[in-house]
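Below: one structure, written as structure tokens.
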Amino acid sequence: MKRALKIAGYTWAVACIVVVLATFVGNNYFSAKLASSTGITISPWFSGGEIVGSIDHATYKTVIHRPVFDGLIGERKEGFIQIEWQPVTALPLVIEDGIDFTGDGKEDFAFRLDTAAGRGTLTPRNPSVIAIQTLVKVNQGWVARIQLRKVS
Amino acid sequence: MMKEHPPHAKTIEVRQSPGKSFLFALPMMLLTLMMMSGGKIPADPQRLFVFTVTYLFFNLLFFLMIHTGKTDRYRATAFITYAILFIVSFISHMFEARGSMSLSQEKILLCEVPFCHLVIPMTLIPAAFTKTIIFPGTITGGYASIASMFTIWIGASLSLGRGWCSWGCFFGGLDDAFSRILKKPVFRNINPRWTYLPWAVLLAVVLSAAAFLSPTYCTWLCPFKTVTEFEAVTSFKILVQTILFASLFIALVIVLPLLTKRRTQCSLFCPFGAMQGLTNRINAFDVRIDPDRCINCKRCVTACPTLSVTEESVRAGCPLISCMKCGTCMDVCPSGAVAFHVRGTPVAGNRNIKRMLFLYAAFLFLAIFSGGTIQDGLSRIIRLITTGSMI
Ligand code: SF4
Ligand code: SF4
């Protein structure tokens, strides 16, 4: 028994050296496998959530993400919706958009973006739309996050 | 009471002649050459110079480890160099990519923030429940992707356990360095109850991250943001966060290690380190104290930079779960009672083989993981000297 344990111990120790080499030699392979087998993605609280629609304005487009209320279990009361305007090179000085994120055919809020001044104005038309949380220029265009609150 | 001991018992046993040391170091030379070069020796003279310096640096240290039988001083030289050059390399990259160390809203919204292992404990519960990672980084591809860091963490946990904190972590070398500056500690006694603090921090950040779906330690506490990247101060909240993490850096990474000669950030605060202690249990290597050799001089208790050796643990024959396998205790032990050990094997006997197996796993990890960063850091310094700019 003692001998078997000893052999197992030394084998395990040698395997550790192999694990070190495999960790680095196979890093790309293992990383890709880990990502695909777990199906893990970035939390919508950071990625902005999946894109669910877009409005084509001929030279530029408005990209609409799904409203994010995701909690650890179930949904939260507070959330946001991310809207993007791109590409940056084709954006007019002033953009005015009406966004219907509930899909009921009615505008939930209107957004006016002054790209020159970097200023946004939100006009809520739905009580769950609260305020502008973030408005940032990124390399492809502008990104806004609008704070939402569930109303029962 | 202190027992008598044979002089230089330990060193005689693990010290090797230059010829034998060279033979033992030869596989390391070949493996590091293969891994650090990726099979291609750089053609560009400056890159070749930096590669050669890095390669010789590591292999000289490894040779000396075998030849002298001492572990910690050579490990620390590599580990601290890594931490310093990691900062040089990281900051240069940040300036190159975005012109400053501060993290813009843009990078956060585009999910382009480099991922670091310290986030891992906070991601586990949200990942289990929502199949998502609560961090604005990339899953694969790009600089420091999440999947690649997880792979390295799994590899480190399986091969080294908490040895990661003395052989892998690119931050650990900072408090390690400051804990070595003074010859004697100004404050000797740290109440052992403080060693529960990292567990409390771990619990707090894991639960708060799950509740808020946000990496709370990174946002509010991580001291290492001071020397890597931090959010641009655009609100009062971010100002408070900045004051908090910068103060923690000064206190835990500089001042306290200096005054206590202990790695205070790593042993008294870091939540990742606490969690990593658990992986010491699923690892082939540990540190053991041979009761037949121990003369109860308590030098290991005084010297352990992580407070992992107590009088009880000496009696029990093994350090606490927080042991980072740094080798300090075995280097100071006058009777050779403390040694690296392979689980399943008897504590006494074959000490050199056990030490060599651990050193091969640990040093190889350090050399491969840090090799590229050290080369980049050195290149940046050469560029600074020759052109006046690191980028
Ligand atoms: S305790 Fe934390 S900071 Fe220290 S070496 Fe370990 S992971 Fe790094
Ligand atoms: S017990 Fe020894 S090897 Fe472990 S952390 Fe303390 S000094 Fe380092």
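Computed from the coordinates by the stated procedures, all read-outs in this text should not be read as laboratory data. Quick caveat, the model's predicted, so the values are computed rather than measured. We place every Cβ from the backbone using ideal geometry, glycine too, and count neighbours over all the protein chains shown.
Around the Cα centre of chain A, unit charges on the Cβ atoms of Lys, Arg, Asp and Glu (plus for the first two, minus for the last two) sum to a dipole of about 1040 debye.
The mean count of C-beta atoms from other chains within 10 Å of the C-beta of residues in A:68-80, rounded to a whole number, is 2.
Using only the Cα atoms of chain B, build the gyration tensor, take square roots of its eigenvalues as a ≥ b ≥ c, and label the shape rounded, prolate or oblate: rounded if a/c is under 1.5, else prolate if a/b is larger than b/c, else oblate. Oblate is the answer for chain B, as a/c is 1.5 or above yet b/c matches or exceeds a/b. When +1 charges are put on Lys and Arg Cβ atoms and -1 charges on Asp and Glu Cβ atoms, the dipole computed for the protein assembly as shown relative to its Cα centre reaches about 2420 debye.
For B:210-216, what's the mean count of beta carbons from other chains sitting within 10 Å of each residue's beta carbon?
Mean inter-chain Cβ contacts per residue within 10 Å come to 3.
Computed from the Kirkwood radius of its Cα pairs, the Stokes-Einstein diffusion coefficient for region A:65-138 at 25 °C and 0.890 mPa s stands at 180 µm²/s. Once the convex hull of all Cα atoms in region B:270-388 is built, its volume per residue stands at 146 Å³.
Which helices count as membrane-span-like in chain B under these terms: full DSSP H, at least 27 Å along the axis by C-alpha, Kyte-Doolittle mean of 0.0 or more? Correct list, ordered by number: B:45-68, B:72-98, B:351-387. For the residue pairs B:261/B:298; B:20/B:70; B:261/B:325; A:137/B:237; A:137/B:107; A:106/A:150, the alpha carbons lie more than 19 Å apart in A:137/B:237. Averaged over residues, the count of other Cβ atoms within 10 Å places the peptides B:87-100, B:282-295, B:40-53, B:326-339 in the sequence B:326-339, B:282-295, B:87-100, B:40-53, highest first. Residue-wise HN-Hα couplings along region B:306-319, as the Karplus relation 6.51 cos²θ - 1.76 cosθ + 1.60 with θ = phi - 60° gives them from phi, are 10, 6, 8, 10, 10, 4, 5, 5, 5, 5, 6, x, 8, x Hz; Gly and Pro carry x. The helix-only estimate of mean residue ellipticity at 222 nm for the protein assembly as shown, built from DSSP H runs of length n ≥ 4 each weighted as -39500 (n - 2.57), is -15000 deg cm²/dmol after division by the residue total.
Charge dipole (Cα centre; +1 on Lys/Arg Cβ, -1 on Asp/Glu Cβ; no other charges) of chain B amounts to roughly 960 debye. Over chain A, the ratio between the Cα radius of gyration and 2.2 N^0.38 Å evaluates to 1.64. Residues of region B:53-74 with amide nitrogen under 19 Å from the 7 Å Cα-to-Cβ point of residue B:15? The answer is B:61-74, whose backbone nitrogens lie closer than 19 Å to the label point.
Label-to-label distance for residue B:251 and residue A:104 is 5.1 nm, based on points extended 7 Å past Cα in the beta-carbon direction. Could you tell me the center-to-center distance, by alpha carbons, between region A:16-76 and region B:98-125 in angstrom? Going from one Cα centre to the other spans 14 Å.
For a Förster distance of 51 Å, can you work out the FRET efficiency between the beta-carbons of residue B:143 and residue A:56, rounded to the nearest 0.05? Calculated value: 0.90. Residue ranges A:55-66, A:20-31 sort as A:20-31, A:55-66 when ordered by packing (mean number of other C-beta atoms within 10 Å per residue, highest first). Determine the shape class of the protein assembly as shown: with a ≥ b ≥ c the square roots of the Cα gyration tensor eigenvalues, call it rounded for a/c under 1.5, and otherwise prolate if a/b is greater than b/c, oblate otherwise. Prolate is the answer for the protein assembly as shown, as a/c is 1.5 or above and a/b outweighs b/c. The simple Förster model, with R0 at 45 Å and r as the Cβ-Cβ distance, assigns residue B:49 and residue B:129 a FRET efficiency of 0.35.
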